[in-house]
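The values are calculated or read from the model by the stated rules, or taken from the named source; none is laboratory data. Owing to the predicted nature of the structure, the values given are computational and were not obtained by experimental measurement. Virtual Cβ from ideal backbone geometry, glycine too; neighbours counted across all protein chains shown.
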Amino acid sequence: MEARKLLDALLIAERLKDATRHCYTTKGRHESVAEHSWMMTLMAFFMRDEFPEADMDKVIRMCIIHDLGEAFTGDIPSFEKTKKDEDLEEELLDSWVKTLPAHYAEEMQALYKEMAERKTLEAKIYKAIDGLEAVVQHNISDLSTWIPREYELNLTYADDKVEFSDYLKVLREEIREDTKKKIEEGR
């Protein structure tokens with residue numbers, strides 16, 4: 001990518017460092033969208049051996065770009081995000097992606113389409129990681145940062161996204177056990 005185009009793209013992506021999520025870090029500050037994407041990417045890296053039939057480099061690319069639309073809209077928790085919010089985010093992201101050099105724009109558009117359709121193994125893995133990372137981060141954060149609805153959400157969120165994989169179902173169950181322990185210890 002041409003140097004100026006790269007710097008322009010990074011200027012947009014950098015917004016994700018300041019776009020905070022509903023989740024908190026261990027030390028009690030709001031997690032950024034960039035941190036969420038980084039942790040997802042690390043999860044995909046460590047899961048490579050669990051999915052030898054998958055293109056895990058593609059999964060990593062999906063994890064890296066999946067929330068770039070939030071550079072324009074900020075993060076809206078999944079339990080508050082409406083179809084209107086999703087459509088606006090998609091529209092703003094698509095407009096920006098079209099300004100990128102053709103090779104990158106085409107690759108990103110193809111990845112976003114694949115991610116939205118969730119038909120390929122790679123898209124299913126990415127979406128499962130997206131949901132699982134959120135519940136892992138909640139388990140890492142202090143229980144005092146949870147809102148009431150998260151007690152149930154952390155026990156059930158992403159269950160539907162892991163059904164295709166025995167490994168991910170086991171991982172989800174381990175995360176659920178961590179949640180139960182956290183809740184019990186917090187009482």
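In table form, for the structure just shown:
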item: Candidate set: the range 1-20, residues that are at pLDDT 95 or above and touching a helix residue (DSSP H, G or I) at 6+ places or on another chain (Cβ under 7 Å); chosen: the one surrounded by the most Cβ atoms within 10 Å (Cβ to Cβ); result: 16
item: Selection status of residue 125, under 14 Å from the mean Cα position of the chain (by Cα), surrounded by fewer than 21 Cβ atoms within 10 Å (Cβ to Cβ), closer than 29 Å to residue 26 by Cα and among the β-branched types (Val, Ile, Thr); result: no
item: Checklist (1) closer than 30 Å to residue 58 by Cβ; (2) of a type outside the set (Gly, Ala, Ser); (3) in contact with a Lys or Arg (Cβ under 7 Å, 6 or more places away or on another chain); (4) without any contact (Cβ under 8 Å) to a residue 60 or more places away in the chain applied to residue 132, failing item; result: (4)
item: Tally of residues being touching a residue at least 40 places away in the same chain (Cβ under 8 Å) and not in a helix (DSSP H, G or I) across the range 23-74; result: 15
item: Residue check for residue 134: buried (at least 21 other Cβ atoms within 10 Å of the Cβ), at pLDDT 95 or above, of a type outside the set (D, E, K, R) and touching a Phe, Trp or Tyr at 6+ places or on another chain (Cβ under 9 Å); result: yes
item: Enumeration of residues in the range 74-95 that are acidic (Asp, Glu), closer than 20 Å to residue 21 by Cβ and surrounded by 11 or more Cβ atoms within 10 Å (Cβ to Cβ); result: 75, 85, 86, 89, 90
item: Residue that is farthest from residue 146 (Cα to Cα), among those in the range 79-99 that are outside any helix (DSSP H, G or I) and within 19 Å of the chain's Cα centre (by Cα); result: 82
item: Per-region count, the range 131-170, residues part of a loop (DSSP other than H, G, I, E, B) and touching a Gly at 6+ places or on another chain (Cβ under 7 Å); result: 3
item: Condition broken by residue 148, with the remaining ones in (1) at pLDDT below 95; (2) surrounded by 14 or more Cβ atoms within 10 Å (Cβ to Cβ) satisfied; result: (2)
item: Positions within the range 96-119 being among the aliphatic types (A, V, I, L, M) and surrounded by 14 or more Cβ atoms within 10 Å (Cβ to Cβ), in sequence order; result: 97, 100, 105, 108, 111, 115
item: Qualifying residue in the range 18-33 (condition: aliphatic (A, V, I, L, M) and under 12 Å from the mean Cα position of the chain (by Cα)); result: yes
